[in-house]
1. Tally the residues that are closer than 20 Å to residue 124 by Cβ and surrounded by fewer than 18 Cβ atoms within 10 Å (Cβ to Cβ), restricting the search to the stretch 228-248.
2. Filter the stretch 152-167 down to the residues that are of a type outside the set (A, V, I, L, M) and either surrounded by fewer than 21 Cβ atoms within 10 Å (Cβ to Cβ) or under 24 Å from residue 340 (Cα atoms) (or both) and list them by number.
3. In the stretch 324-333, which residues are open to solvent by 10 Å² or more (accessible area, probe 1.4 Å) and either within 12 Å of the ligand (Cβ to nearest atom) or not in a loop (DSSP other than H, G, I, E, B) (or both)?
4. Among the numbered criteria (1) within 14 Å of the ligand (Cβ to nearest atom); (2) buried (at least 22 other Cβ atoms within 10 Å of the Cβ), which one does residue 191 miss?
5. Here is a list of conditions, (1) touching a residue at least 60 places away in the same chain (Cβ under 8 Å); (2) within 15 Å of the ligand (Cβ to nearest atom); (3) within 21 Å of residue 123 (Cβ to Cβ); (4) in a loop (DSSP other than H, G, I, E, B), and residue 300 meets all of them except one; can you say which number that is?
6. Do you know which residues across the stretch 106-140 are touching a residue at least 40 places away in the same chain (Cβ under 8 Å) and within 16 Å of the ligand (Cβ to nearest atom)?
7. Cβ-Cβ under 7 Å, sequence separation 6+ or interchain: first residue in the stretch 342-368 and at pLDDT below 95, partner of a type outside the set (Ser, Thr, Tyr). Which pairs?
8. Looking at 46, 52, 26, which is the one that is acidic (Asp, Glu), part of a loop (DSSP other than H, G, I, E, B) and in contact (Cβ under 8 Å) with a residue 24 or more places away in the chain?
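The values are calculated or read from the model by the stated rules, or taken from the named source; none is laboratory data. Model, not experiment: these values are computed from the prediction. Neighbour counts are summed over all protein chains in view; Cβ atoms, including those assigned to glycine, are modelled from backbone coordinates with ideal geometry. Ligands, DNA and RNA are stripped out before the accessible areas are found, and what is left, the full protein with its side chains, is counted by its heavy atoms. Shrake-Rupley method; radii C 1.70, N 1.55, O 1.52, S 1.80 Å.
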Amino acid sequence: MKITGVELRRIAMPLVAPFRTSFGTETARDVLLVRVVTPDAEGWGECVAMSEPLYSPEYVDGAAEVMRRFLIPALTAPPAVDAQAVARVLAPFKGHRMAKAALEAAVLDAELRAAGRSFGWFLGAARDRVPCGVSVGIMDSIPRLLDAVAGYVDEGYVRVKLKIEPGWDIAPVRAVRERFGDDLLLQVDANAAYTLAQAPHLARLDDFGLLLIEQPLAEDDLVQHAALARLLSTPVCLDESIESARHAAAAISLGACSIVNVKPGRVGGYLEARRIHDLCAAHGVAVWCGGMLETGVGRAANVALAALPGFTLPGDTSGSGRYFATDVTEPFVLEDGHLPVPTGPGLGVAPIPAILEEVTTSTEWIPA
Ligand code: NPG
């Protein structure tokens, strides 16, 4: 496939409610969409970098800059490129995995649309719908948290993840357990907010029958995560620490985690995400699909990935309405706690032109 050019499109998507984590509060999603144009088809990718480098070193302006200056010229230079080749062509440029993932997804989408095949087919989806969890931000008070969780449980979410940080951990978890009972699938996510010295405190979470504790320590603390895992009965899951299949292999050998959150943007794309899935499956390590407040473009691909057989835990693949009043694609709507895996060519969804125009803040065309 010869790439004719790539469009970078920034869109502003207000969130239905502020989303607070241990690293910051998001009130709107500043999204960079990429549209790869080829003679046969065009494809979309969503870059999951946030406006500020608080979750990871990448941020939206930086992603746009590295794409226009280095990644897109490298991708459009060869006479032809396919999705399998994207990571290799971009490998000389260090890091910038979220930027690379968006470009790879757009090339894959174009390729699959041209072939009339879906993401789910390409990745190896084993089911036609996936069970959905919801990630609940840090709130001002426990009554507010309980109201929010009650709303999501009523909507049918099959698993709840609570964001935690020092000062907002044991009490909210206890309150949610007491109110919703032991059958609620419940997990917590610290986004690297603790140190190993706080292990005795984190061990108090062991009383609440959590599915897992996600990324308690800093992203480069693999050895400390292994030490922590030995001190907790709650399974340790890693997110920020796992940027590649190599990191996953190292974490598993060290005993740093027994569960992995797979986010395609964080690991450089859906192909690397599938490699992590395969590696974890071979080691009996469960994986689940994380979320980065994606629009329907990124969500479609995530739902396809979450349908692979090793994704044995519900993901942060919530319905569009959990994030946005109006999604840029046709909305993903929960049915009985599940989302259907799109079956149409490529992502199976595409931005709706009129909605896209309304939310666009800038566009840039980068010809080959
Ligand atoms: O449902 O998409 C979602 C949000 C899931 O909690 C979620 N994402 O740390 O995993 C995370 C967190 C996140 C959101 C991280 C935005 C970075 C940016």
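1. Number satisfying all stated conditions: 1.
2. Of everything in the stretch 152-167, those that are of a type outside the set (A, V, I, L, M) and either surrounded by fewer than 21 Cβ atoms within 10 Å (Cβ to Cβ) or under 24 Å from residue 340 (Cα atoms) (or both) turn out to be 152, 154, 155, 156, 157, 159, 161, 165, 166, 167.
3. 332
4. It fails just one condition, (2).
5. Failing condition for residue 300: (4).
6. Those that are touching a residue at least 40 places away in the same chain (Cβ under 8 Å) and within 16 Å of the ligand (Cβ to nearest atom): 130, 131, 132, 133, 134, 135, 137, 138, 139.
7. 368/3; 368/5
8. 52
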